[in-house]
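**Student:** This is the structure I want to talk about, given as structure tokens.
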Amino acid sequence: MSETRLMKGNEAIGEAAIVAGCRYYFGYPITPQTELMEYMAKRMPQIEGVFLQAESEIAAINMVYGAAGAGARVMTSSSSPGISLKAEGISYCAGAELPCVIVNIMRGGPGLGSIQPAQADYFQATKGGGHGDHRNIVLAPNSVQEMADLTMLSFELADKYRNPVMLLGDGALGQMMEPVNLEEKPLVPQEKPWAANGQGERAKPNVINSLYLKPEQLEAHNIHLQNKYQKIMEQECRWEEFNVEDAEVIVVAYGITSRIARSAVEMARRDGLKVGLFRPISLWPFPSERLLTLAQQTKAFLVSELSAGQMIEDVRLATKQIKPVHFYGRMGGMMPSSREIYNQINLILKEKEAVK
Amino acid sequence: MNSKLYARPESLADVPFHYCPGCQHGIVHRIIAEVIDELGVRKQTIGVAPVGCSVLAYDYFNFDIVQASHGRAPAVATGVKRVCPDSTVFTYQGDGDLASIGCAEIVHAAARGEKITTIFINNAIYGMTGGQMAPTTLVDQVTTTSPYGRNENQVGTPLCISEMLSTIQGARFIARVAVNNPSNMAKAKAAIKKAFQLQNSGEGFCLIEVLSTCPTNWGMTPVEAVKWLETNMIPQYPLGVFKDAGGE
């Protein structure tokens with residue numbers, strides 16, 4: 001299929017996963033990601049894939065662990081509280097170096113929170129989420145097309161690095177419809193000589209494991225993981241820039257908020273204000289180096305998120321705070337308007353004037 | 001003329017067990033290895049070993065193993081089996097693992113009729129963490145978390161997993177065995193073999209509960225532990241076949 005179709009974000013993820021060769025999906029119903037699960041329930045039997053509704057989020061991630069351990073391209077999806085339940089399993093996948101794709105269509109929290117869009121799981125997604133020193137690769141789309149494109153990329157990166165990849169969207173992206181084009185790519189068969197799928201002709205049995213009782217061995221395993229994470233940080237940073245070259249204020253936003261921020265930046269430009277947008281696409285690895293370069297040429301940053309301020313910590317770290325980092329966020333399922341962000345930009349520029 | 005009458009099964013690695021003296025994990029490991037050898041499926045077998053004393057099963061079995069988180073072996077095995085439907089997939093779980101933290105996973109694997117085999121080691125106590133109360137702990141049994149004996153008014157009565165799972169339609173074969181004497185070992189082996197054969201012919205979920213000793217955490221000698229199992233555990237957990245859906 002390569003024609004353009006109108007799809008919901010959740011459905012686009014599902015179809016993109018199939019195009020990427022995913023034939024195993026395990027999940028549990030939770031709003032606002034359920035359309036993805038329902039899409040897989042419909043599609044997987046048509047292509048001789050496996051769709052299985054698990055008894056719990058915990059079971060679903062452990063089915064993913066088993067299927068990934070047996071060498072399959074596999075995916076699960078959930079929304080915020082469900083991801084909390086999966087946290088232990090994600091840590092096991094990271095520890096045993098199992099490639100898998102986990103989708104989080106974020107909703108408001110904490111606790112049961114709401115079913116409205118939010119970006120309050122940034123810490124959980126990018127700082128590990130489970131126990132132990134581990135990292136997920138985290139990709140944050142901002143359109144239905146990118147939901148599809150980054151899903152395909154997620155499977156590639158998962159296999160390339162033998163690491164869990166989290167696709168981090170939100171309720172708005174999951175629910176909204178946009179045109180999407182899914183380009184069929186020839187699938188490269190993945191060699192997984194480490195998989196536990198029966199010894200067969202192999203000389204030795206394979207073991208999928210994250211247990212190292214000897215501290216020397218566990219430290220060595222951790223060093224190996226950290227070296228891998230270092231390589232990912234060097235090679236997999238992704239971002240998008242808009243009008244940053246001469247910008248005096250750079251808005252930093254990801255996902256759905258970056259679309260609102262872009263409208264605000266366009267409004268500001270129309271009014272002759274020098275404002276740009278920096279959109280991290282990979283939240284981990286975070287595009288820190290580029291932000292530091294921009295910090296040297298701009299006057300201030302405005303971070304906007306659907307949270308109390310989580311990514312802002314990475315922006316502060318990246319820019320070493322050589323320029324002020326401001327924040328504007330909404331919470332609990334509330335969305336800022338582009339006017340609200342524009343007003344914040346104006347405030348920052350006026351403060352700069354006043355200082356002069 | 002010399003002939004070999006007794007040898008290590010190919011499915012068992014040539015590694016000494018770490019299990020305590022008198023622990024019966026070793027016997028059950030050997031029975032499983034013999035069965036897998038006899039069925040000729042070693043190279044297509046994937047075992048799933050979750051947290052517990054048997055978490056190091058991957059050191060002892062000579063086939064592919066997936067180590068799993070506490071209680072989740074049936075879910076992990078589901079993932080493996082769905083990817084490798086022609087393989088022989090089994091879980092090896094203790095009573096803390098299966099009957100407590102992993103109760104949901106085993107019930108739903110059975111309900112789905114998941115084509116896996118579960119070997120459930122019931123020794124009425126948490127072994128690896130040092131002898132805490134399990135759902136299978138007997139009434140009045142002393143453990144480190146029931147130091148005055150299990151009080152049924154406060155923490156209930158033993159959970160009879162085989163009886164419970166046998167009420168589930170998706171379960172194909174459910175039996176409880178013990179390895180306390182050679183006769184029962186032979187019966188245990190026959191049940192375990194049947195459970196693997198039924199899986200390999202695609203007939204559905206099978207679970208064999210094996211009553212087992214834990215002399216260290218029961219505070220007994222190995223001989224006393226076997227006697228305690230016979231006097232106290234077997235009356236609470238009667239041996240036998242609880243479900244044989246396609247049985248004669």
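What follows draws every value from the coordinates through simple rules; no lab data is involved. Computed from a predicted structure; not experimentally measured. With ideal geometry, Cβ positions are generated from the backbone for all residues, glycine too; neighbour counts draw on all protein chains shown.
**Student:** Report ³J(HN,Hα) in whole Hz for each residue of the range A:171-184, in order, from the Karplus equation J = 6.51 cos²θ - 1.76 cosθ + 1.60 where θ = phi - 60°; Gly and Pro get x.
**Tutor:** My calculation for the range A:171-184 gives x, 5, 4, x, 8, 7, 9, 8, x, 9, 10, 9, 8, 5 Hz in order.
**Student:** Further, regarding this structure: Volume per residue, Å³, of the convex hull around the alpha-carbon atoms of the protein assembly as shown?
**Tutor:** So the per-residue hull volume is 179 Å³.
**Student:** Per 5 Å bin from zero, what fraction in whole % of the C-alpha pairs of chain B is there, up to the bin with the longest pair?
**Tutor:** It works out to 1, 7, 14, 19, 21, 17, 11, 6, 2, 1, 0, 0, 0, in whole percents.
**Student:** Given only helices, namely DSSP H runs of n ≥ 4 each adding -39500 (n - 2.57), what is the per-residue ellipticity at 222 nm of chain A, to the nearest 500 deg cm²/dmol?
**Tutor:** -13500 deg cm²/dmol
**Student:** Residue farthest toward the positive end of the dipole of the range A:4-235, with Cβ of Lys/Arg at +1 and Asp/Glu at -1: which of A:Pro189, A:Pro179, A:Ser80?
**Tutor:** Positive-end residue among those listed: A:Pro189.
**Student:** Separate question: How do A:Lys86, A:Lys8, A:Lys185 rank when sorted from fewest to most other Cβ atoms within 10 Å of their own Cβ?
**Tutor:** Taking fewest neighbouring Cβ atoms as first place, the list is A:Lys185, A:Lys8, A:Lys86.
**Student:** Per DSSP H run of at least 4 residues, take -39500 (n - 2.57); add these up for chain B, divide by its residues and hand me the 222 nm value, nearest 500 deg cm²/dmol.
**Tutor:** Counting only the DSSP helices, I get -8500 deg cm²/dmol.
**Student:** Shifting gears a bit: Given bins 10 angstrom wide, list per bin the percent of all Cα-Cα distances in chain A, short to long.
**Tutor:** Bins of 10 Å from zero give 6, 25, 32, 23, 11, 3, 1, 0 percent of pairs.
**Student:** Let me ask something else about it. Connecting C-alpha atoms closer than 10 Å in a GNM of chain A, tell me which of A:Met177, A:Met75, A:Met106 has the biggest fluctuation.
**Tutor:** Judging by the Gaussian network model, the answer is A:Met177.
**Student:** What relative contact order, as a whole-number percentage, does chain B give when Cα pairs under 8 Å and 6 or more residues apart are counted?
**Tutor:** Across chain B, relative contact order equals 19 percent.
**Student:** Another one. With 10 angstrom as the radius, rank A:Thr151, A:Thr31, B:Thr91 by how many other C-beta atoms surround their C-beta, starting from the fewest.
**Tutor:** A:Thr31, A:Thr151, B:Thr91
**Student:** Looking only at A:Thr257, A:Thr298, A:Thr76, which one moves most when chain A is put into a Gaussian network model with springs between Cα atoms under 10 Å?
**Tutor:** Top of the fluctuation ranking is A:Thr298.
**Student:** From the backbone phi of the range B:212-217, what are the Karplus-calculated ³J(HN,Hα) couplings (6.51 cos²θ - 1.76 cosθ + 1.60, θ = phi - 60°) in whole Hz, Gly and Pro given as x?
**Tutor:** Those phi angles translate into 9, 8, 9, x, 4, 7 Hz.
**Student:** Across the range B:25-244, how many lysine pairs separated by 8 or more positions, or lying on different chains, have Cα atoms within less than 22 Å?
**Tutor:** Lysine pairs satisfying the spacing and distance rule in the range B:25-244 number 18.
**Student:** Compute for the range A:18-72: radius of gyration divided by Kirkwood radius, i.e. Rg/Rh, restricted to C-alpha atoms, rounded to two decimals.
**Tutor:** When Rh is taken as the Kirkwood radius, the ratio is 0.95.
**Student:** Before anything else, pin down the relative contact order of chain A: Cα pairs under 8 Å, at least 6 apart, normalised by residue count, whole percent.
**Tutor:** 17 percent
**Student:** Next up: Where in the range B:162-184 does the amide nitrogen come within less than 14 Å of the point 7 Å from the Cα of B:Asp244, taken along Cα to Cβ?
**Tutor:** Inside the label zone: B:172-177.
**Student:** Under 30 Å from the Cα of A:Lys231, which lysines turn up, not counting those fewer than eight places away in the same chain?
**Tutor:** Correct list for A:Lys231: A:Lys86, A:Lys127, A:Lys160, A:Lys185, A:Lys192, A:Lys204, A:Lys214, A:Lys320, A:Lys323.
**Student:** Which residues does the label zone of A:Leu187 cover in the range A:27-51, counting backbone N under 17 Å from a point 7 Å along Cα→Cβ?
**Tutor:** A:40-51
**Student:** Projecting each Cα onto the charge dipole of the range B:5-147 (Lys/Arg +1, Asp/Glu -1 at the beta carbon, about the Cα centre), which of B:Gly47, B:Thr144, B:Ala109 comes out farthest on the positive side?
**Tutor:** B:Ala109
**Student:** Counting other beta carbons within 10 Å of each Cβ, put B:Asp86, B:Asp64 in order, fewest first.
**Tutor:** Neighbour counts put them in this order, fewest first: B:Asp86, B:Asp64.
**Student:** Over the C-alpha atoms of the range B:98-185, what are the Rg and the largest Cα-to-Cα span, Dmax, in Å?
**Tutor:** Cα only, the range B:98-185: 14.5, 42 Å (Rg, Dmax).
**Student:** Next up: Dividing the Cα radius of gyration by the Kirkwood radius, what Rg/Rh value follows for the range A:239-355?
**Tutor:** 0.92
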